[in-house]
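Shown next, in structure tokens, is the structure this report addresses.
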Amino acid sequence: MNRKKMDECLVRTQAGDKTAYSLFYAETAKGVFAFLYGYYNNYARTEEAVQETYYKALKNIAQYRAGSDARAWLLQIAKNIARNDLKQAKRESTLSDEELAPLLTEQISDGCVFDAINRALDQTEKQIVILHVLWGYKHREIAEKLQMPLGTVTSKYKVSVAKLKKYWKEDN
């Protein structure tokens with residue numbers, strides 16, 4: 001399917017023509033599958049990601065701009081899905097809750113940053129700082145993991161950073 005025909009299908013889909021979207025899917029799904037398989041190297045997961053790609057594309061069809069590159073738009077959606085999936089899988093496989101517990105409670109005294117964290121922060125603040133700074137979790141993810149409101153996590157993080165700065169100024 002050429003670019004003009006893909007664009008036409010998506011414009012018709014925006015107008016409510018479901019047949020046009022079915023045609024778009026039929027003509028592009030193999031290419032999307034091949035593109036995503038490079039990320040997953042797993043047939044079943046790739047099929048799921050293809051379905052998710054077309055679902056999100058249809059859900060966000062109003063965002064498609066007529067005359068733009070429909071293939072690039074679709075592949076960008078697919079790429080975002082794959083990256084998010086792989087990022088989430090990496091986080092989940094990197095650190096389970098059972099493995100996380102000792103890291104968040106272990107007292108490390110070696111005169112470095114960990115010493116400052118252990119001395120200056122309470123347990124909750126320490127958990128938030130370690131999850132955010134060392135493990136790269138976003139505040140939203142930390143809120144989910146610790147079952148706290150997002151505003152509380154954000155606030156406690158800011159307070160923790162201020163406490164650490166004060167601790168280092170007084171200690172040095």
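In whole percent, and with a 1.4 Å probe on the protein chains, what portion of the accessible area of segment 18-75 is carbon and sulfur? List each step's numbers first, then the result.
Working: 1940 of 3580 Å².
On segment 18-75, the fraction of accessible area on carbon and sulfur atoms equals 54 percent.
Taking segment 1-98, how much of its Cα-Cα pair set, in percent, is spaced more than 17 angstrom apart?
On the way: 2414 of 4753 pairs.
When every Cα pair of segment 1-98 is considered, 51 percent fall beyond 17 Å.
Determine how large the accessible area of H132 is when every protein chain is in place; take a 1.4 Å probe and give Å² rounded to the nearest 10.
Accessible area of H132: about 50 Å².
Per Stokes-Einstein, at 10 °C and 1.306 mPa s, what whole-number D in µm² s⁻¹ belongs to segment 117-160, with the Kirkwood radius over Cα pairs as the hydrodynamic radius? Before the final figure, lay out the partial values.
Numbers: Rh = 10.0 Å.
This corresponds to a translational diffusion coefficient of 158 µm²/s.
At a Cα cut-off below 20 Å, give the lysines reachable from K87, other chains included and same-chain residues fewer than 8 away excluded.
Within the straight-line limit of under 20 Å, K87 reaches these lysines: K56, K79, K138, K145.
Limiting things to C-alpha atoms, what are the Rg and the maximum Cα-Cα separation (Dmax) for segment 34-76, in angstroms?
Reported Rg and Dmax, both Å: 11.6, 34.
The values are calculated or read from the model by the stated rules, or taken from the named source; none is laboratory data. Since the structure is predicted, the reported quantities are computational estimates derived from the model, not experimental observations. These accessible areas exclude ligands, DNA and RNA; they are computed on the full protein's heavy atoms, side chains included. Shrake-Rupley method; radii C 1.70, N 1.55, O 1.52, S 1.80 Å.
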